[in-house]
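Please read the structure below before turning to the comments.
The values are calculated or read from the model by the stated rules, or taken from the named source; none is laboratory data. Small disclaimer: the values here were computed from a predicted structure and weren't measured. Every residue, glycine among them, receives a Cβ derived from its backbone with ideal geometry; neighbour counts consider all protein chains shown.
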Amino acid sequence: MSVVQYVEGNSLLHRLDPRAKIIMLTILTIIIFIVENFLMIGAILLTILLLWWSARLPMKTLASYFKFLTGLFVFIIVIQGLFYSGEVILVQPLIPRWVPLIGGLGKISLDGALFGILISARIICLICLLPLVTMTTPIHFFALGLTKMGLSYQIAYTMTTALNTIPVLQNEASVVMDAQKLRAFRVFEEGSFVQKLKAYPALAVPLVIGAMRRAQLMGVAMDSRAFGALKRRTYVEDIIMKPQDYAVLAVFAVYCAAVLVGNFML
Amino acid sequence: MSEPVSGKPTKGEPMIKVENLWYKYPRTKKYVLEDISFTVEKGEFVALMGANGAGKTTLCQCLNGVIPNSQGGKVKGRVVVGGLDTQETPISKLAQKVGMVLEDPETQLFTTKVKNEVAFGPENLAIDPDEIMKRIAWALKVVRLEGYEERPPTALSGGQKQRLAIAAALAMKPEIMVLDEPTSQLDPIGTLEVFSVIQDLKEEYGMTIVMATHKSEEIAQFADKVLMLHEGRLVKFAPPREVFQDLELMKLTWTHLPQISELILFLRNNGISLKDFAILKDEGVAMVKEALAGKAGRVAS
Amino acid sequence: MKESRVKSEQRERQVPAGGSEYAIEINNLTFTYPGGFTALKEINLKVKRNEFVGIIGQNGAGKSTLLKNITGLLKPTKGDVIVVGVNTKDSTVADLATRVGFVLQNPDRQLFAPTVEEEVSFGPKNLKLPADEIKQRVQEALGYVGLLEQKDAFPPALSKGDRAKVVIASVLAMRPEVIILDEPTTGQDFRGCHQIMGIASRFHEAGHTVLVVTHHMALVTEYTQRTIVLCNGTVLMDGETREVFSHPEMLRQTFIVPPQITQAGTDLKEALMAARRGWTPRTVLTVKELGEDIVAAMKP
């Protein structure tokens, strides 16, 4: 999935300083974990979707997240309903109470189901939130943002290079898969789980050896260009916090306060 | 051919001095380079030849100090580039003496814009951004990629990617450029583009070039000297004309001759001895023309 | 040489009775990627059995998309691809793999087994062949590429040339009718190039069809009889290799320059004509050809 791929654009989110975005991302993530009020978590989700729309990010990707996660959500809600004891029962026990030991199991409580919905809502919020930053920030600005916030530039660069490598590895994996298919290998399409597990080396070995070689060569290339030679480095494309960034942060602070107040008062 | 045709580099000044160099990688027993000694003068273009596994890549990495500074392993002997001993100089200094271009375009481009790619090296040296901008403009002009500043490197053709890699090395203002098989993955025109840029570096900027390659025809045309490696040893260091005439050596090292040289040998084996050996197409063609004209003259009379 | 004869006899028995005279038939093939990019436009090509064909064109001309359509990794958006009598639309990649073998450009993308022998037996095992048949095929394929002695070696530790040979052997062990080599000489030295092309040409001499995709023009002129030039997803030229290389201006459109010896032949054309009246020299493809022409012209 293209969680990390930058999408060209000129929206407010695109223009914001990466630091502002990283700060907001972090705070909002914490708030999503704190909030328990359905209205408020709903409001957060709505905000995220609106931002997604305003930044003209691909709605298809968004839809694919929802589709991908639906099964998981149903599972979470049912499981929570089953094991969370509550007063109000939505679904009566499958097994009558008089059966010894397992009697009364299989009921779904309202409280449990609601808690399941809350967890699901948090997951979807978090998953839709991250791309709002990664898809609107070119990767080198993201690294620069982290560096200016105190991370060493070597670590920031290593992180972003790793992110950059994901699509390369995906591509590599499909080449390896094709190569094995061309030798009549069908396990990945029609094999059982055990067969797939056994066949794993045919995919993993070339991929890992390739990645190691790649990393080694990249190391030589980066060393040759003095990467990490000095503690400090300069940047041709610098980032500066503009009044606009501070304004957005101020609005964001008010928003967070409102959400928290709403959460504890309602 | 053997004399640098370049601008006016001071002659006789050794730019690269390798003395009794031995090297083995960490955790291996065998030395991959054994007792290598040679010097390269300022402004010379040296082609590194030899079969795969002969030690070309290792030697390239010794020249810019990646070996041993970041690769480890065991070194005996000395490598001095532009007056700096690679074993005593930090990579940040060496990177400003020796630029490096690798074989695979993909593994040496790691940023999202052409401009940032060229800036990457100088930024690591903490050079002032205004100065870096000047260098970007200059380096992209040298490799003929002006106007590509904002494009992503992934959108470039193979030849363009390798030229970008050259620009990225140039931005560190090195005096020596080391290229490890930079054209092996390129189509014929991409190859010519890269060679013509390297030709400019040598002639217009007086740079010293060391390039590992299998492409004999381009070597004959552009290189001043060939350094032939065989199983980790230096077996010949001479102008291409001399190297390509050494047929024993060609056989030993599995080197292929320029096609025009093969033609001369074919004719020689079939009873037509031309007055000289040829390594360039045009000189070979001229010699054959002369022979044909001589025959035409004989028939007419 | 002996091996190749044995192999070809075995093969004759294998050729499906009544199979078409074409190894590959491509009718009106158009291929559009999911993103909307049309990489191949209305391609029509027929490759006869036992042809040795070169496919050339700049990076991005559509060569790899074409190869993927032939091997069934991609299915045509429009049109048909018929490989040794089977339409790729009605077949799977695995079934097609016994008809057309594909040798990948980079051997390191498929080598995974701890020994050469196991690597080569991977394909036949996937075909669920009996153990003794697998053993025989592996033996034969390794003999063919000259790696019998290295059968217990660890593939990643072999030289680049030998790694390529392992990959070729692993494809030959599928006993395909056609093999396709994708940039087989990239990163290989002179010896590696020759050994790889030598294997391909023995396979061809044994009665099979070979397609080679390459940027290395001297190999195309030296080994192939026919050359297909792709440019922007269409066939720019298709004909006898000699004919194709007689049009350097057309080749330039797709960033190709003829080999040095062919250029030298062009430069010498007039001089050769003057030396020997009433003779139009051919476009030369190899050193030997130009040498022979010069020797002929020098004769009184």
Taking only pairs six or more apart or across chains, which ones have beta-carbon atoms under 7 Å, a first residue in the stretch C:213-234 that is closer than 23 Å to C:R49 by Cα, and a second residue that is among the aromatic types (F, W, Y) and in a strand (DSSP E or B)?
C:Y223/C:F52; C:T224/C:F52; C:Q225/C:F52
Specify the residue that is farthest from the other protein chains (Cβ to nearest Cβ); the eligible residues are those in the stretch C:160-187 that are part of a loop (DSSP other than H, G, I, E, B) and within 29 Å of B:T213 (Cα to Cα).
C:P184
Would the stretch C:247-258 turn up any residue that is under 30 Å from C:L67 (Cβ atoms), without any contact (Cβ under 8 Å) to a residue 60 or more places away in the chain and in contact with a Cys (Cβ under 7 Å, 6 or more places away or on another chain)?
yes
Just to be sure I understand, how many residues within the stretch B:47-71 are touching a Lys or Arg at 6+ places or on another chain (Cβ under 9 Å) and either crowded, with 23+ Cβ neighbours inside 10 Å or within 10 Å of another protein chain (Cβ to nearest Cβ) (or both)?
11
From the residues in the stretch B:124-170 that are more than 9 Å from every other protein chain (Cβ to nearest Cβ) and in contact with a strand residue (DSSP E or B) (Cβ under 9 Å, 6 or more places away or on another chain), which one is surrounded by the fewest Cβ atoms within 10 Å (Cβ to Cβ)?
B:I166
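Of everything in the stretch B:219-235, what is buried (at least 20 other Cβ atoms within 10 Å of the Cβ) and not β-branched (V, I, T)? Give them in sequence order.
Residues of the stretch B:219-235 buried (at least 20 other Cβ atoms within 10 Å of the Cβ): B:219-220, B:222-229, B:232, B:234.
Once the filter is applied, which keeps residues that are buried (at least 20 other Cβ atoms within 10 Å of the Cβ) and not β-branched (V, I, T), the stretch B:219-235 yields B:A220, B:F222, B:A223, B:D224, B:K225, B:L227, B:M228, B:L229, B:G232, B:L234.
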Single match in C:T286, C:T266 (criterion: of a type in the set (S, T, Y) and within 9 Å of chain B (Cβ to nearest Cβ)):
C:T286
Test of understanding: among B:A119, B:A126, B:A139, B:A165, which residue is touching a Lys or Arg at 6+ places or on another chain (Cβ under 6 Å), among the small types (G, A, S) and assigned by TED's automatic domain parsing to the domain that holds B:M49?
B:A126
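Quick check, is B:Q259 more than 12 Å from chain C (Cβ to nearest Cβ) and either within 23 Å of C:F190 (Cβ to Cβ) or in contact (Cβ under 8 Å) with a residue 60 or more places away in the chain (or both)? Steps first, answer last, please.
On the way: more than 12 Å from chain C (Cβ to nearest Cβ): no; either within 23 Å of C:F190 (Cβ to Cβ) or in contact (Cβ under 8 Å) with a residue 60 or more places away in the chain (or both): yes.
Criteria not met by B:Q259.
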Counting only residues that are within 14 Å of A:Y246 (Cβ to Cβ) and in a helix (DSSP H, G or I), the stretch A:14-31 contains a total of 6
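So that you can scan it fast, the table gives a plain yes or no per residue for (1) under 25 Å from A:A43 (Cα atoms); (2) of a type in the set (F, W, Y); (3) modelled with pLDDT of 85 or more; (4) not assigned by TED's automatic domain parsing to the domain that holds A:I48:
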position: A:I117; (1), (2), (3), (4): yes, no, yes, no
position: A:C128; (1), (2), (3), (4): yes, no, yes, no
position: A:L132; (1), (2), (3), (4): yes, no, yes, no
position: A:G145; (1), (2), (3), (4): no, no, yes, yes
position: A:K148; (1), (2), (3), (4): no, no, yes, yes
position: A:T160; (1), (2), (3), (4): no, no, no, yes
position: A:N164; (1), (2), (3), (4): no, no, no, yes
For the stretch A:201-240, give me each residue that is under 18 Å from B:A165 (Cβ atoms), small (G, A, S) and in a loop (DSSP other than H, G, I, E, B).
A:A226
Exactly one of these conditions fails for B:D104: (1) closer than 30 Å to C:H194 by Cβ; (2) crowded, with 23+ Cβ neighbours inside 10 Å. Give me its number.
(2)
Evaluate the stretch B:101-121: report whether one residue or more is in contact (Cβ under 8 Å) with a residue 24 or more places away in the chain, out of contact with any Pro (no Cβ under 9 Å at 6 or more places or on another chain) and part of a strand (DSSP E or B).
no
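Within the stretch B:81-98, is even one residue touching a Cys at 6+ places or on another chain (Cβ under 9 Å), buried (at least 22 other Cβ atoms within 10 Å of the Cβ), aliphatic (A, V, I, L, M) and part of a strand (DSSP E or B)? Before the answer, list the steps.
To start, the set of residues in the stretch B:81-98 that are touching a Cys at 6+ places or on another chain (Cβ under 9 Å) comprises B:86.
Subset that is buried (at least 22 other Cβ atoms within 10 Å of the Cβ): B:86.
Of the ones still in play, those that are also aliphatic (A, V, I, L, M) are none.
Taking every residue of the stretch B:81-98 in turn, none turns out to be touching a Cys at 6+ places or on another chain (Cβ under 9 Å), buried (at least 22 other Cβ atoms within 10 Å of the Cβ), aliphatic (A, V, I, L, M) and part of a strand (DSSP E or B).
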Buried (at least 22 other Cβ atoms within 10 Å of the Cβ), within 12 Å of chain A (Cβ to nearest Cβ) and either in contact with a Ser or Thr (Cβ under 8 Å, 6 or more places away or on another chain) or among the aliphatic types (A, V, I, L, M) (or both): is that true of B:N116 in this structure?
no
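What about B:A291, is it assigned to a helix (DSSP H, G or I), touching a Leu at 6+ places or on another chain (Cβ under 9 Å), more than 30 Å from B:E34 (Cα to Cα) and free of Cβ contacts under 8 Å to residues at least 24 places away in the same chain?
Criteria met by B:A291.
For the stretch C:194-300, which fully contained helices (runs of 4 or more DSSP H) count at least 2 residues that are buried (at least 20 other Cβ atoms within 10 Å of the Cβ) and polar (S, T, N, Q)?
Values: elements: C:217-223, C:241-244, C:248-253, C:260-275, C:287-298.
So the answer is C:260-275.
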Does the stretch A:32-56 hold any residues that are part of a loop (DSSP other than H, G, I, E, B) and buried (at least 18 other Cβ atoms within 10 Å of the Cβ), and which are they?
A:V35, A:A55
Quick check on the stretch C:90-114: of everything there that is farther than 17 Å from C:V138 by Cβ, of a type outside the set (V, I, T) and touching a strand residue (DSSP E or B) at 6+ places or on another chain (Cβ under 7 Å), which residue is surrounded by the fewest Cβ atoms within 10 Å (Cβ to Cβ)?
C:Q105
Condition first: under 16 Å from C:T186 (Cβ atoms) and in contact with a helix residue (DSSP H, G or I) (Cβ under 6 Å, 6 or more places away or on another chain). Now tell me which residues in the stretch C:200-213 satisfy that.
C:V213
I'd like the residue in the stretch A:157-206 that is farther than 30 Å from A:P138 by Cβ and among the acidic types (D, E) and, out of all such residues, is nearest to the other protein chains (Cβ to nearest Cβ).
A:D178
Across the stretch A:222-238, which residue is surrounded by the most Cβ atoms within 10 Å (Cβ to Cβ) among those that are hydrophobic (A, V, I, L, M, F, W, C) and on the phi < 0 side of the Ramachandran plot?
A:F227
Enumeration of residues in the stretch C:144-159 that are crowded, with 18+ Cβ neighbours inside 10 Å and part of a helix (DSSP H, G or I)
C:Y144, C:V145, C:Q150, C:P155
So, C:D80, is that one of a type in the set (D, E), part of a helix (DSSP H, G or I) and more than 13 Å from chain A (Cβ to nearest Cβ) or not?
no
Scanning the stretch B:178-194 for residues that are facing another protein chain (nearest Cβ under 8 Å), of a type outside the set (D, E) and in a loop (DSSP other than H, G, I, E, B) gives B:S184, B:Q185, B:L186
Under 8 Å by Cβ, and 6 or more places apart or on different chains, what pairs join a residue from the stretch B:133-162 that is within 18 Å of B:M207 (Cα to Cα) with one that is crowded, with 20+ Cβ neighbours inside 10 Å and among the aromatic types (F, W, Y)?
B:L140/B:Y148
